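Structure provided below as structure tokens; questions to follow.
What follows draws every value from the coordinates through simple rules; no lab data is involved. Here the structure is a predicted model, which is why all the values come from computation and not from measurement. Counting neighbours? That spans all protein chains shown, and the Cβs are built from the backbone with ideal geometry, glycine included.
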Amino acid sequence: MKFSIYRYNPEVDSKPYMQNYELDLTKTPAVMVLDAIKLLKAQDETLSFRRSCSEGVCGSDAMNINGRNALACVTSLSTLKEPVVLRPLPGMPVIRDLIVDLTNFYEQYKKTKPYLQNSQPPPAKERLQSPEERAKLDGLYECILCGCCSSACPSYWWNPDKFLGPAAALQATRFILDSRDDATQDRLAQLEDAYSIFRCRSIMNCVDVCPKGLNPTKAIADIRDKLIEDGV
Amino acid sequence: MLLPTQSFDAVIIGAGGAGMRASLQLAQNGLRVALVSKVFPTRSHTVSAQGGITAALGNVDEDNWHWHMFDTVKGSDYLGDQDCIEYMCQMGPEVVYELEHMGLPFSRLDNGKIYQRPFGGQSKNYGTGGQATRTSAAADRTGHALLHTLYQKNIEAKTTIFSEWYALNLVKDREGRIAGVIVLSIETGETLFLRGNAVILATGGAGRIFQTTSNALINTGDGIGMVLRAGFPVQDMEMWQFHPTGIAGAGMLITEGTRGEGGYLLNNQNERFMERYAPHAKDLASRDVVSRAILVEIREGRGCGPNGDHVLLKIDHLDPKIIESRLPGIRTLSMTFANVDPEKEPIPVVPTCHYMMGGIPTNKFGQVLTMTSSSQEIPVPGLYAVGECACVSVHGANRLGGNSLLDLVVFGRAAGLHVAEELNQKRSQSIVPEEEIDKALTQLNRWNNTNKKGERVADIRLELQKAMQLDFGVFRTGKVMQEGIEKLKLLRERLQHASLTDTSHVFNTARIEALELDNLMAVAIATAISAEARKESRGAHSREDFKDRDDVHWLKHTVYFPDDKISYRPVNMKPLTVEPFPPHVRTY
Amino acid sequence: MVITATSLGRTGLQDWLIQRVTAMVLAVYSAYLVFYLILHPNLSYSAWHILFSTSGMRYASLLALVSLIAHAWIGFWTVSTDYLKPAFVRLPIQVAVILLLLGNLVWGIQILWGI
């Protein structure tokens, strides 16, 4: 199987280039893209990428595979056209090869104060939450912060510092909708400006690429509905 | 060599569940905490934990922590230290409520309380009252929910996080106290000395010593390697849990929760074979019991598939609504890695290496223990270990499902509390001799200056994993293990001459893999030597040449020292407040 | 919370609402005009003149013009903040567009009330 992989090592290369590789899949078993690039790394140890769980829950190995953001460990080679073109996530600074700088992505996440706030002293046991209230968090809490969505979002490309991006917006919604959180008003007030969530233009690339099948566009719409409910 | 230095009250290595629970405890106390992690915190392996966290909340059925303690002692095949098990089980409900207050999105019962499911090895009334329902869960993503919640709370508490920094080695001060750790920035290649009045190791497991494992690629036993290189021993390294239900051919885990929700195992006769091995608990017997049963079925020709090399996990009789609400993650995993929709067909499964019961010996405060020449146990000043890398020992020879997440938070918290208390006694900063720093850097310097014509790291790693898989798997025999030890010692020698062709600084993952292989090698050899030495079968350590448990000679912890020497220490059979549980024949 | 100076509304929520309300005004107004043109296939200048001489039509047209300007400004502001990154480029162009739109408003009023 043929691969074309984006290479850039700032210590050696003046500019990035695409390198061709080939793997004989009849000799070495590789099912997923991650299996393949691990085998390529065994041949060429300078090839660099992030990886950890290999089962799609840690979010390390997000990359652009044949033009589409995805996790290498759950993208099956059999679904891909040759040569398989691997590039780093678009719209983010490249550190080396397939590794991008996610600092800004994490900063946007932190801006949403992604932790439960409750001003009441906790009870001796658990805070009660009905299954219906808990169900509102489904589709929100499962985010693995891989960055596929934000890096596929044109609005995030143009305003990465001001627009939260789909991943962070999803987390904002996760806490706004949690029945145990009582900072809803503060959270909403932080989001009513023209950028934080309103820069979402419903392009829905985020929904298209999310490896966990989540829907950040809907999460943003939920915040907007809450703001409208409160603000008119 | 003079290194740039930063000082903190405490330095924590590893940002999984245990490390982040410890850092949170300290940061909330207003202490300055450095949390070092070779991956961004939410990429730590805790994220993969599926089924849940066990604690006697009694939300579904009558329960109390004494029963949980009994089950854990029995599950450990009596190798667990009963004082520590008592502490963990007693603290269980409190730490789970704390997690709930932090925002962990537990699944809920109709009355609004935390949802709990039955798990393997759980019983009511000291094994006489039938199956208990004790494991709290957030669908089948409990570890993910827990890890993200702890990371989020650490953001709030303003913990200083060194993300994508790799911890190289411990540094001692002039008095021999642990004074900090040398860390390497993966992104830039710079090294830094992180000083701390306490160092807490929370580096997780090392399942990557085996070829087939549910463990993440980052689980390379870095803490074990660091402790051994610093001259301290590790304990019970022969005890490796093989989880019964890894996806055949891939190794990814299918949670025990699938059986807790009503799933069961079938052989090629369509027989629910666990009924023969564990008439009462059946598919919810302890993991070591189920794993052995599966392998016996396969060995005796009752395996499924064209090669008869796996068994089937059936859940297609469950209500699809239950699968979609309680087990959505495993459904996706089976469809991705086994091409099977569990709502329609059974999942092909086979035991896979899952958890390291052994590790760095500690007491119930997380303080690392070492042994003097006169076999006296003493804490290593300034050094703590928590989570999977530690051996408290609460899991003994076999861990119960749902007890690992509990272990992380109970002892992460306990270590945090103990460090905070110790720091109240003001201590002036001690002197670290330059030679100590140099010594801690020798490993890195060796890899930076290798002969370019040596063997490749990847090749040696693969041979190591194959040797471990073949010679130290579920069933072990003396002769095979002795051969295995020889292979490993040769590999250890070859590793000294291996080479690194990439010596760049920026995100040199080849160098990180080389450093990790040093740790894998240390873990593998400790495992091999400890396993060969234990001449009995207990829990996960199952010998064909010594099939029975031998409490007269072997009711003791193996202690392995860095010079390949073995020693032993007694199991603590004296709980703090309750009556001890003496060893009994273990049936399910 | 990101602070903005040249946006129309004080918040993104206001902009969002204004854009939707003005869009509705424009839709109704345009639909009416299209409908009117279909009903009058051989439209004469005098009929057209009479239509715009009623004060109802004048106010409706003014409303549509104001809506168009608000709608256009929000759209242009968004596009300019997306694509024109240096403030020293963006601000003069924004000012020029504001002047152009205000000029259009004055011109429109002159036309409507000059009939």
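Can you tell me the length gained on complete extension of the stretch B:Lys158 to B:Gln6, counting 0.36 nm per residue apart and subtracting the Cα distance? Walk me through the numbers before you get to the answer.
Working: separation 152, 0.36 × 152 = 54.72 nm, distance 1.68 nm.
Gain on stretching B:Lys158 to B:Gln6: 53.0 nm.
Helix-only estimate, please: 222 nm mean residue ellipticity of chain C, summing -39500 (n - 2.57) across DSSP H runs of length 4 or more and dividing by its residues, to the nearest 500. Could the numbers behind the result be given before it?
Working: 4 runs with 93 residues, N = 115.
Helices in chain C give a 222 nm mean residue ellipticity of -28500 deg cm²/dmol.
Find which of C:Pro86, A:Cys153, A:Ser202 sits farthest along the positive direction of the dipole of the protein assembly as shown, computed with +1 on the beta-carbon of Lys and Arg, -1 on that of Asp and Glu, about the Cα centre.
C:Pro86
Would you look at the GNM of chain C, springs on alpha carbons closer than 10 Å, and say which of C:Ile38, C:Ile18, C:Ile98 moves the most?
C:Ile38
Let me ask something else about it. Average partner chain C-beta neighbours within 10 Å, per residue of A:193-202?
Other-chain Cβ atoms within 10 Å of each residue's Cβ, averaged: 6.
Using a simple spin-label model with points 7 Å from Cα along the Cα→Cβ vector, what separation in nm is obtained for B:Leu490 and A:Thr79?
With each label placed 7 Å out from Cα toward Cβ, I get 4.3 nm.
May I ask you to list the GluC sites (Glu not before Pro) in the stretch B:152-256 that are in a DSSP loop and have at most 13 other Cβ atoms within 10 Å of their Cβ? Walk me through the numbers before you get to the answer.
Working: sites: B:Glu156, B:Glu164, B:Glu175, B:Glu187, B:Glu190, B:Glu238, B:Glu256; in loops: B:Glu164, B:Glu175, B:Glu187, B:Glu190, B:Glu238, B:Glu256.
Of the GluC sites (Glu not before Pro), the ones in loops of the stretch B:152-256 whose Cβ has at most 13 other Cβ atoms within 10 Å are B:Glu175, B:Glu190.
Set the Förster distance to 45 Å, then compute FRET efficiency between C:Asn104 and B:Asp110 from the Cβ-Cβ distance, nearest 0.05. Could the numbers behind the result be given before it?
Values: r = 62 Å, r/R0 = 1.37.
Result of the calculation: an efficiency of 0.15.
With unit charges on the beta carbons (Lys and Arg positive, Asp and Glu negative) and the dipole taken about the Cα centre of the stretch B:380-522, which residue among B:Leu417, B:Gly401, B:Cys389 sits farthest to the positive side?
B:Gly401
Long-range amide H contacts for B:Ile161: which residues qualify at under 5 Å (H placed 1.01 Å from N, peptide plane, sequence gap of 5 or more or a different chain)?
Residues meeting the criterion, in which the H sits 1.01 Å from N, are B:Leu35.
For the protein assembly as shown, state the semi-axes of the equivalent ellipsoid (square roots of 5 times the eigenvalues of the alpha-carbon gyration tensor), sorted largest first and rounded to whole angstrom. Mind showing how you got there, number by number?
Working: eigenvalues 599, 195, 156 Å².
After scaling each eigenvalue by five and taking roots: 55, 31, 28 Å.
Let me ask something additional. Using +1 on the beta carbon of Lys and Arg, -1 on that of Asp and Glu, and nothing else charged, what's the dipole of chain A about the Cα centre, debye to 20? Provide the component values of the computation, followed by the final result.
Numbers: 29 positive and 30 negative charges, 47 e Å.
Its charge dipole is roughly 220 debye.
A further question on this structure: Which entries of B:Lys38/B:Lys364; A:Lys113/B:Lys38; A:Lys27/B:Lys479; B:Lys172/B:Lys452; B:Lys535/B:Lys565; A:Lys110/B:Lys153 show an alpha-carbon separation above 22 angstrom in the structure shown?
Details: B:Lys38/B:Lys364 26 Å; A:Lys113/B:Lys38 24 Å; A:Lys27/B:Lys479 32 Å; B:Lys172/B:Lys452 33 Å; B:Lys535/B:Lys565 16 Å; A:Lys110/B:Lys153 11 Å.
In this structure, B:Lys38/B:Lys364; A:Lys113/B:Lys38; A:Lys27/B:Lys479; B:Lys172/B:Lys452 lie more than 22 Å apart at Cα.
Okay, moving on. Take the Cα pairs of the stretch B:437-516, get the Kirkwood Rh, then feed it into Stokes-Einstein at 37 °C and 0.692 mPa s and tell me D in µm²/s.
On the way: Rh = 14.0 Å.
Using the Kirkwood radius from Cα pairs, D works out to 234 µm²/s.
A further question follows. Taking the highest mean first, how do the peptides B:241-247, A:60-66, A:110-116 order by number of other beta carbon atoms within 10 angstrom per residue?
Numbers: B:241-247: 27.6, A:60-66: 23.9, A:110-116: 20.1.
Final packing ranking: B:241-247, A:60-66, A:110-116.
Please give the FRET efficiency for B:Lys453 paired with A:Val12, using the beta carbon to beta carbon distance and R0 = 25 Å, rounded to the nearest 0.05.
Between B:Lys453 and A:Val12 the formula returns 0.75.
While we're here: What dipole magnitude, in Debye to the nearest 20, does the stretch A:103-231 give about its Cα centre under +1 on Lys/Arg Cβ and -1 on Asp/Glu Cβ?
On the way: 17 positive and 18 negative charges, 52 e Å.
Dipole about the Cα centre, nearest 20: 260 debye.
Per DSSP helix of 4 or more residues, -39500 (n - 2.57); summed, then divided by the residues of chain A. What does that give at 222 nm, rounded to the nearest 500?
Working: 8 runs with 69 residues, N = 232.
So the helix-based figure for chain A works out to -8000 deg cm²/dmol.
Find how much the distance from B:Lys466 to B:Asp502 grows on full extension, using 0.36 nm per residue of separation minus their present alpha carbon separation; answer in nm with one decimal.
Computed gain between B:Lys466 and B:Asp502 is 10.4 nm.
For B:Lys565, put the label point 7 Å out on the Cα→Cβ axis and report which residues of the stretch B:363-388 keep their amide N under 15 Å from it.
B:370-377
Calculate the mean, over all residues of peptide A:107-119, of how many other protein chain Cβ atoms lie within 10 angstrom of the residue's Cβ. Before the final figure, lay out the partial values.
Details: counts 0, 0, 4, 3, 2, 0, 3, 8, 12, 10, 2, 3, 0.
Neighbouring Cβ atoms belonging to other protein chains average 4 per residue here.
Only helical DSSP H runs with n ≥ 4 go in: add -39500 (n - 2.57) per run for chain B, normalise by residue count and round the 222 nm mean residue ellipticity to 500 deg cm²/dmol.
Details: 16 runs with 204 residues, N = 588.
-11000 deg cm²/dmol, from helical runs alone.
Output ³J(HN,Hα) for the stretch B:453-461: one whole-Hz value per residue in order, computed from phi by the Karplus curve 6.51 cos²θ - 1.76 cosθ + 1.60 with θ = phi - 60°, and x for Gly and Pro.
Computed from phi, the couplings for the stretch B:453-461 are 9, x, 6, 7, 4, 4, 5, 5, 4 Hz.
Using r as the Cβ-Cβ distance of B:Glu190 and A:Glu133, and R0 as 51 Å, what FRET efficiency do you calculate, to the nearest 0.05?
On the way: r = 47 Å, r/R0 = 0.93.
That gives a FRET efficiency of 0.60.
Can you work out the PRE-style zone for A:Asp230? Point 7 Å along Cα to Cβ, and I want the residues of the stretch C:12-32 with backbone N under 16 Å.
C:12-14
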